[in-house]
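What follows is calculated from the coordinates using simple rules that are stated; it is not laboratory data. Because the structure is a prediction, the values reported are computed rather than measured. Don't worry about glycine lacking a Cβ; one is built from the backbone with ideal geometry, like all the others, and counts go over all protein chains shown.
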Amino acid sequence: MVELRPEPQYATLARQTETAQLGMWVFLATEVLFFGALIFGYYIYRISYPDQFLLAGQDTKLLLGSINTALLLTSSVTMVASIEYVKRDDIARAAAALFITALLGFAFLGVKGYEYVEDYRDHTVPLLNFLLKPSQHPPAELFWLFYFIATGIHAVHLSIGIVAVLVMAFHTRHRRYSAAYYSPLEVLGLYWSFVDAVWLFLFAAIYPLGRAG
Amino acid sequence: MTAIAEPVDSYLTAESTIASWLLTKDHKRIALLFFASVTAFFFVGGFAATLIRLNLINPSGTLLGPDLYNRMFTMHGIVMVWFFLIPSIPATLGNFLVPLMIGARDLAFPRLNLASWYVFNISGAMAIYFIVAGGVDTGWTFYTPYSTLFSNSHVMAAALAVFVNGFSTIMTALNFVVTIHRLRAPGMTWFRLPLFIWSIYATSIVMLLATPVLAMTVLLIALEHGLGIGIFDPALGGDPLLFQHMFWFYSHPAVYIMILPAMGVASELISCFARRPVFGYKGMAYAVMAIAIIGFFVWGHHMFVAGISTFAGVMFSFMSFIVAVPSAIKVFNWTATLHRGSISFDAPMLYALSFIGLFTIGGLTGLNLATLPIDVHVTGTYFVIAHFHYIMVGGTVSAFFGGLHYWWPKITGRLYPEMWARAAAILTFLGFNVTFFPQFILGYLGMPRRYYAYPPEFQVWNVLSSAGASILAIAYVMPLVYLGWSLLWGKQAGANPWGATGLEWRTTSPPPEHNFDRTPVVTEAPYRYNPEDGSYVTQDGVANG
């Protein structure tokens, strides 16, 4: 059990907790702009080359993308559950929920990796083996560049999140957090949900292309 | 002045091991660490500027030749923008003063603050690497497709250095925003905040919203340069103009990152040395926020001749005029503050006054440039160079030096030699104008920027500019000497040598590690100076004189 005292610049622990959360919200605002710049660029090109993006988008792996969406959404549930358990001082369940969260994150990365292999087999990886299919033109490759850059950067964010979740899972098991103090978990929860939300935007931008009707 | 006693246990003397500095979480020590780093880079960037000015003395430009000249102005731009100007006032004076001015013990996240310094130095080491390895020849703007597909210089290292540098900017800005929101002393309402705090707050907002876009942009540039394929590649249908939009979406607001803190410093200095409250305090606070917000919608004025539509050009021109309005409000309010003031011309005030003058010239020529037809005439010429150096060097660097002198007694506990400082301030003003005013003329006559050689008829103005640069160089080295001297032999400053009203003057100089023995309670608006009798009331309600 660690002693519960705020750092010297804070009057109270509650003040410190809400300040930490504000800090994460502000950080997430910067992340919105970071991913926003990329997604904005993507839509500019998609508007410029609608047909080519539709054609290229048909080669994405909708099933794998959907599985991954389900995995991440579930992981956000377990993330939130861990916080609820900590609030009730159910430390064992809280730690378990965190481990499951990390596990779901790993599963996402595994599926993503498999998807990349499939992409490679379909000759859609720029630089390595990209081939234009019938009626495709060079802008189709732009689509795949965005696909790899965006999902790659997302995967980096998710990996950071997984490491943080694992660290906090061990901390929770060693009773560093309790109903009296669990601020880091809430802050991490914000980050995790954000990475989840980014995926939803990427999924919507990438996978349904050219599949309507 | 009140009785002067050296505080027994200041933040400087609390611990003296090297580790106590390198692992410090004290915002005041981190400010000094940043000060050391940005000063070093100021002289790195200055070195490149020196070579540029030496090269341009001769129309044939044989000193550097074309390739080396390209690398020098690129190095000058990258180093000065990201490694000096952007962090200059926020990371040094801001770091030191934000907690003191709002009556806090430290920033909200001290470890993040220290991390910011380390990240800055990592990016600095990357910058040194790309310089030593042979430099970059793209200009600080990294325009594609040259930067990505053609340049054989160290674009990737430079772009990644800028990328990492952005993390440092964001960490510091995040700390400031959260601190100003959450750690203000009792009674320190938003409209009792000193204008320096308002300007740091506005700056931090711009840093937080603009820097991530730059990060993404330079990351894409680095990838494209490294892999030889990327989203700006015209062969794939990629659009180099998209790069310019993304780059200027950051880099125009970056100008406000540089100038807003300088405006904050100027407000503090002018009010104190005119012994009058800042005229139109609320207007000044709203104006910095307006500049920060409107500044996000003017980036297209860097692209008038790049091939954007006439409609877009007109809109960006219009917005650029709009952003001049709050800037003008600030200039008028500073001069109105001076009106009927009891003005003393101490060195900080000299810097502040030259800030107003030079910023005004820089700002008004900005309106010239925002006017579509004039811009077509002078775009890419020395007129542009002169314009933004009036803002960035005449404005920001003047305010930085002014603030440094003003708060030097607080930071070090020592007074600097006033006469030397005044001489340096005047020399800075003269040297600056001799350096950059001729460049307005050169630009108007049609001399393009970034050329290593030029027709002989431009030589007179170029020699004049180079001569001015040598004056400027002396004026910039002087403070290093006499401020260093004052550390050892300067007189003890006392808590409040200027008779100023801010909370930072309500603790000892240098302050103790914990800033205030008791958390101050704020009862007064800032700047309660009385020009009639020189009296003043501090923000925690103590009447003096």
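For the reader, a short list of remarks on this structure follows.
- Simple label model, 7 Å out from Cα along Cβ direction - A:Glu18 to B:Thr523, nm: 2.6 nm
- Within the stretch B:431-545: Cβ-based charge dipole about Cα centre, in debye rounded to nearest 20 (Lys, Arg +1; Asp, Glu -1): 420 debye
- Residues B:Arg422, A:Arg88, B:Arg275, ranked from the fewest to the most other C-beta atoms within 10 Å, line up as A:Arg88, B:Arg422, B:Arg275.
- With the cut-off at under 13 Å, measuring from each backbone N in the stretch B:151-194 to a point 7 Å along the Cα-to-Cβ line of B:Arg450 picks out B:151.
- If the chain linking B:Glu418 and B:Leu487 were pulled fully straight, counting 0.36 nm for each residue of separation and taking away their Cα-Cα distance, it would gain 23.4 nm.
- Sorted fewest first by neighbouring Cβ atoms within 10 angstrom, B:Glu457, B:Glu513 come out as B:Glu457, B:Glu513.
- Modelled spin labels at A:Ile44 and A:Glu7, positioned 7 Å past Cα toward Cβ, are 3.8 nm from each other.
- Charge dipole of the stretch A:106-185 about the Cα centre (unit charges at C-beta), most positive-ward option of A:Thr124, A:Pro139, A:Ala169: A:Ala169
- All other residues whose Cβ lies under 14 angstrom from that of A:Phe194 are scored, Lys and Arg at +1 and Asp and Glu at -1, for a net of -3.
- The stretch A:1-149 - percent relative contact order, Cα under 8 Å, separation 6 or more: 23 percent
- Total charge dipole magnitude, the protein assembly as shown, about the Cα centre, Cβ charges on Lys, Arg, Asp, Glu only, Debye to nearest 20: 960 debye
- Lys/Arg +1, Asp/Glu -1 at C-beta; chain A dipole; positive extreme among A:Ala20, A:Gln58, A:Ser82: A:Ser82
- Charge tally in the Cβ shell below 13 Å around B:Met246, where Lys, Arg are +1 and Asp, Glu are -1, B:Met246 excluded: -2
- Among B:Met303, B:Thr13, B:Pro479 the positive-end extreme of the charge dipole of chain B (Cβ point charges): B:Thr13
- The distance from the alpha carbon centre of the stretch B:461-494 to that of the stretch B:202-251 is 38 Å, rounded to a whole number.
- Student exercise, chain B dipole from Lys, Arg, Asp, Glu Cβ charges, in Debye to nearest 20: 660 debye
- With a 10 Å cut-off around each Cβ of A:13-24, the average count of Cβ atoms from other chains is 3.
- Angle in degrees between helix B:27-55 and the longest Cα principal axis of chain B, rounded to the nearest 10: 40 degrees
- For the stretch B:174-297: relative contact order, % (alpha-carbon pairs under 8 angstrom, 6 or more apart): 36 percent
- Using equal-weight Cα scatterers in the Debye expression, the normalised intensity of the protein assembly as shown in log10 at q = 0.08, 0.09 Å⁻¹ is -0.71, -0.89.
- Note on the stretch A:1-33 and the stretch B:19-35: Cα centroid distance 21 Å, given to the nearest whole angstrom.
- Span-like helix ranges in chain A, DSSP H, alpha carbon extent 15 angstrom or more, Kyte mean at least 1.0: A:62-87, A:139-173, A:183-206
- Nearby lysines by direct alpha-carbon distance to B:Lys282 (threshold 25 angstrom, same-chain neighbours under 8 apart not counted): B:Lys330
- Remark: B:Lys491, B:Lys410 ranked as B:Lys491, B:Lys410, counting other beta-carbon atoms within 10 Å and listing the fewest first.
- Were the residues from B:Leu241 through B:Arg111 laid out at 0.36 nm apart, the gain over their Cα-Cα distance would be 42.8 nm.
- Relative contact order for chain B, counting Cα pairs under 8 Å that sit 6 or more residues apart, in percent: 19 percent
- You can think of it this way: the chain between B:Val463 and B:Phe150 has 109.3 nm of extra reach, that is 0.36 nm per residue less the Cα-Cα gap.
- Cβ neighbours within 10 Å from other chains - mean over A:116-127: 1
- Surrounding net charge for A:Leu127, when Lys and Arg each add one and Asp and Glu each subtract one, Cβ distance under 12 Å: -3
- For the pair the stretch A:141-213 and the stretch B:135-170, the centres of their Cα atoms are 29 angstrom apart.
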